[in-house]
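Shown next, in structure tokens, is the structure this report addresses.
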Amino acid sequence: MSTQSRKMAPVGVFDSGVGGLTVAREISRQLPDENIVYFGDTARVPYGSKSRNTIIRFSEQIIRFLKTKQVKAIVIACNTASALALDAVRDEFDIPIMGVVVPGARAAVEATRNRKVGVVGTDATVQSGMYTRVIHGMDPDITVIEKACPLFVPLVEEGFKEHKVTQEIIEYYLESMRNTDIDAMILGCTHYPLLRSKIRAYMGEKIQIVNPAYETAMDLKKLLSEKDMANEGGEGRHSRYSFYVSDAAEKFRRFANTVMPFDVPTTNVVNIEEY
Ligand code: DGL
């Protein structure tokens, strides 16, 4: 591939479903010239309750699919897949692959003043202890408190953002976290930024809420420029996004239209087990 066509090649972004759209949205804001191929594994979501081996196998299949779209780099937008599969797939494929855990952890390390950080995520992410390990790799003196909040994902997917049960479940999960003296909290799951204002209101102004999506887009920008792969084209921004899912394309499309800052006209279904 020539340098020019490599620059114009899309970035592959994947998630277990719709949640990674929060990362794609952030990339579209910060890197408006980049083309994106998004894959949401809607047939096999949630990843948050699955084993490491399964999450690695799913991630490998998706990366093989994205490579057929000639992507120049891959962003694992899913926290669960970043925590459990990134190390394995990075060694296996000859393409730059980044996840959301390291950028999110770094942002929290920079944000905390009292060196006490909270992390909320899926069961698999919290059980992996990856956020704690990565944060301790950056600063071993930081106290990290992790908490799984598995019901947040279905609440977001069902469009229950404003429902009173969501408020009750936020209180149920986060009460113990609010009673600690953390001063920064990572939203370590793709769906949680969609509940951000409610979480922020409950946790109070003293706690800085870290959304790894923002930092991930910044890291992607850095990676593309370091590797001389950034697209400087600037040819009309919204037409260069394509969306693929493993099931329920129409439901995905409707959800995508509530998250992305532009119209998502089509979503294509892929038989991901073939990859
Ligand atoms: N995308 C997942 C994450 O960020 C949440 C949904 C799931 O469990 O698959 O951890």
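From the helices alone, meaning DSSP H stretches of at least four residues, give me the mean residue ellipticity at 222 nm for the chain, per-run term -39500 (n - 2.57), in deg cm²/dmol to the nearest 500.
Working: 12 runs with 128 residues, N = 275.
That comes out to -14000 deg cm²/dmol.
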Over all Cα pairs of the stretch 107-197, how is the pair count split among 10 Å bins, expressed in % and running from 0 up to the last occupied bin? 17, 49, 28, 6
Magnitude of the Cβ-charge dipole of the stretch 131-241, K/R +1 and D/E -1, about the Cα centre, nearest 20 debye? 260 debye
Relative to the longest principal Cα axis of the chain, at what angle does helix 249-259 sit, 0 to 90 degrees, rounded to 10? 60 degrees
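Restricting to Cα pairs below 8 Å that are 6+ residues apart, what does the relative contact order work out to for the stretch 1-156? Please round to a whole percent.
Numbers: 235 pairs, mean separation 33.5, N = 156.
The normalised contact order for the stretch 1-156 reaches 21 percent.
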In vacuum, with every alpha carbon of the chain counted as one equal point scatterer, what does the Debye formula give for log10 I(q)/I(0) at q = 0.16 Å⁻¹? Two decimals, please. -1.24
Value of relative contact order over the stretch 117-275, rounded to a whole percent, pairs C-alpha under 8 Å and six or more apart: 19 percent
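Normalising by the residue count of the chain, find the relative contact order in percent from Cα pairs under 8 Å and 6+ residues apart.
It rounds to 27 percent for the chain.
Values in this text are rule-based calculations from the coordinates and carry no lab data. Small disclaimer: the values here were computed from a predicted structure and weren't measured. Note that we place each Cβ from the backbone using ideal geometry, even for glycine, and neighbour counts take in every protein chain shown.
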